[in-house]
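Each remark here refers to the structure printed beneath this line.
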Amino acid sequence: MVVVPPLREQIAERLGKPVALSTIYRMLARNGWRLTRPLPREILRRVRTGKKLQGNLDQIVVSWNNDRPLRLMSQDEARFGRIPDTRYCWYRRPVRPLVYAMVTQQYTDAYGAVSPQDGCFDSLVLPHGNSDCMQIFT
């Protein structure tokens with residue numbers, strides 16, 4: 001990990017003249033470095049709670065009384081849809097045409113689950129995003 005301002009000072013000292021930050025950034029990018037930002041607090045909080053998850057998983061694995069393998073999956077759902085919008089139209093003055101907006105909302109919901117352990121992915125596309133469709137997916 002490199003912090004740019006101290007590096008800038010060292011390069012300026014060796015060259016004997018000031019160096020712009022953009023020059024340092026371009027030099028690092030040219031040599032395969034990339035700019036990253038520290039993780040936000042909420043992500044760090046989620047990572048820390050992963051220790052509880054591991055402990056709970058260990059208890060579940062021990063108490064698993066089934067011949068089938070146990071697989072942890074993370075699921076999410078998304079809604080895809082379209083809403084047509086109205087457009088302007090050209091017409092001669094003084095007549096002003098009536099343009100009716102067809103408000104048709106069409107949605108499709110997609111459900112997906114992935115197992116981070118082995119990369120297994122399951123998905124299902126259903127017409128609604130309600131608890132009944134979620135029960136069908138699970």
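Every read-out reported here was derived from the displayed coordinates using simple, explicitly stated rules and does not represent laboratory data. The structure displayed is predicted, hence computed values, not measured ones. Don't worry about glycine lacking a Cβ; one is built from the backbone with ideal geometry, like all the others, and counts go over all protein chains shown.
Summary of packing: across the peptides 3-15, 106-118, 57-69, the per-residue average of other C-beta atoms within 10 Å ranks them, highest first, as 106-118, 3-15, 57-69. Subtracting the Cα-Cα distance of I11 and L57 from 0.36 nm times their residue separation leaves 11.5 nm of extension gain. Extension gain, T108-E77: 0.36 nm per intervening residue step, less the Cα-Cα distance, totals 10.1 nm.
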